[in-house]
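To start, the structure itself, in structure tokens.
The values are calculated or read from the model by the stated rules, or taken from the named source; none is laboratory data. Please read all numbers here as calculations on a predicted model, not as lab measurements. Virtual Cβ from ideal backbone geometry, glycine too; neighbours counted across all protein chains shown. Side chains are part of the model used for accessible areas, which takes the heavy atoms of the whole protein and leaves out ligands, DNA and RNA. Shrake-Rupley method; radii C 1.70, N 1.55, O 1.52, S 1.80 Å.
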Amino acid sequence: MKITEFLKHNYRHFNAAALIDAAEGYKTHLDNGGKMLVSLAGAMSTAELGISLAEMIRQDKVQIISCTGANLEEDVFNLVAHDYYERVPNYRELTPAQEQELLERHMNRVTDTCIPEMEAMRRIENVILEEWVKADQANEAYFPHEFFYKILLSGKLEESYQIDPKNSWLLEAAKKNLPIIVPGWEDSTLGNMFAGHVISGDVKKVHTVRTGIEYMMFLAEWYTQNATDESTVGFFQIGGGIAGDFPICVVPMLHQDLQRTNVPLWGYFCQISDSTTSYGSYSGAVPNEKITWGKLGQETPKYIVESDATIVAPLIFAIVLDQ
């Protein structure tokens, strides 16, 4: 039985039914000529979402991505150091002393998975530092994701691949030169490393890596060119936080701050979140709240699946891919 057949037969109520509705809405949006932004919060790259997301990119089911700096870099960490990762199934039972032992072994824990500092983070630092310095000396500036595209497409890392490269979503995005928005990139391991190299003088100009404000300006131009009344842009949000809130705000910015009247609202919205509806929380806000901020309209198809994105997202992608 195909995955889609199984899901449609068994997922009939509650969050299960919302999953089906959201997936069908995603397909309808694309079938009607729409485009889709996917936002990645949390640690979806370390959760190996690339296995399904890379296929979505290959089949043109995603036209633009917004992600945290962590998700940007951790897909590449996994690509080159997967064999050195360690899984800790009993992570809930770890004592502070056991956590200290992991630190002393340079194993950075993300829930049940430990990322090896030397094999992953420092290996990528050495390669990307060359690109930072090269751009800096040439008085050039690039976005964070563009530096990753450079090192991936250069082939410098190919000998270090430890997973099937078809499961790296960032590598697939690089091949298509897919636009990526990385708000708050400074809040990432490589963002910290870049700051260190500027402080130490290895990189002379802090703006060699372009900023979040420039990302918003880039997104404003991209949205203006790609969103029309006939072909709107949808918003598929995994988790919450800055990866979702930053890009969705481009629409009210165009309307309210630039006073443009011919900009369509987002044409589809779905959020997968295990955050409960709560007071003042972006992750816990229901989609209708976004109407008051000029992000979504009354008629915008809206879905929320309150569950673990590591479970839900691959299943929705399977339906979109007709698997």
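Based on the alpha-carbon gyration tensor of region 10-115, what equivalent-ellipsoid semi-axes (square roots of 5 times the eigenvalues) come out, in whole Å, largest first?
34, 18, 10
Once the other residues with Cβ under 14 Å from the Cβ of Ile272 are scored (Lys, Arg +1; Asp, Glu -1), what is the net sum?
-3
At a probe size of 1.4 Å, how large is the accessible area of Asp136, to the nearest 10 Å²?
Estimated to the nearest 10 Å², Asp136 gives 0 Å².
Rounded to two decimal places and with Rh computed the Kirkwood way over Cα pairs, what is Rg over Rh for the chain?
Here the Rg-to-Rh quotient is 0.97.
Enumerate by residue number the GluC sites (Glu not before Pro) in region 36-145 meeting two conditions: DSSP loop (anything except H, G, I, E, B), and at most 15 other Cβ atoms within 10 Å of the site's Cβ.
Glu140
Heavy atoms only, probe 1.4 angstrom, no DNA, RNA or ligands counted: give me Phe6, Phe235 ranked by accessible area, highest first.
Correct descending sequence by accessible area is Phe6, Phe235.
Which GluC sites (Glu not before Pro) from region 184-243 combine a DSSP loop assignment with at most 15 other Cβ atoms within 10 Å?
Glu230
May I ask which of Lys35/Lys134; Lys61/Lys295; Lys150/Lys176; Lys8/Lys176; Lys35/Lys175; Lys35/Lys176 have a Cα-Cα span longer than 24 Å here?
Check vs 24 Å cut-off fails for Lys35/Lys134; Lys8/Lys176.
Using the heavy atoms of the protein chains and a 1.4 angstrom probe, tell me the accessible area per residue for region 144-265 in square angstrom.
45
On the Cα set of region 271-311, report Rg and Dmax in Å, please.
10.8, 31
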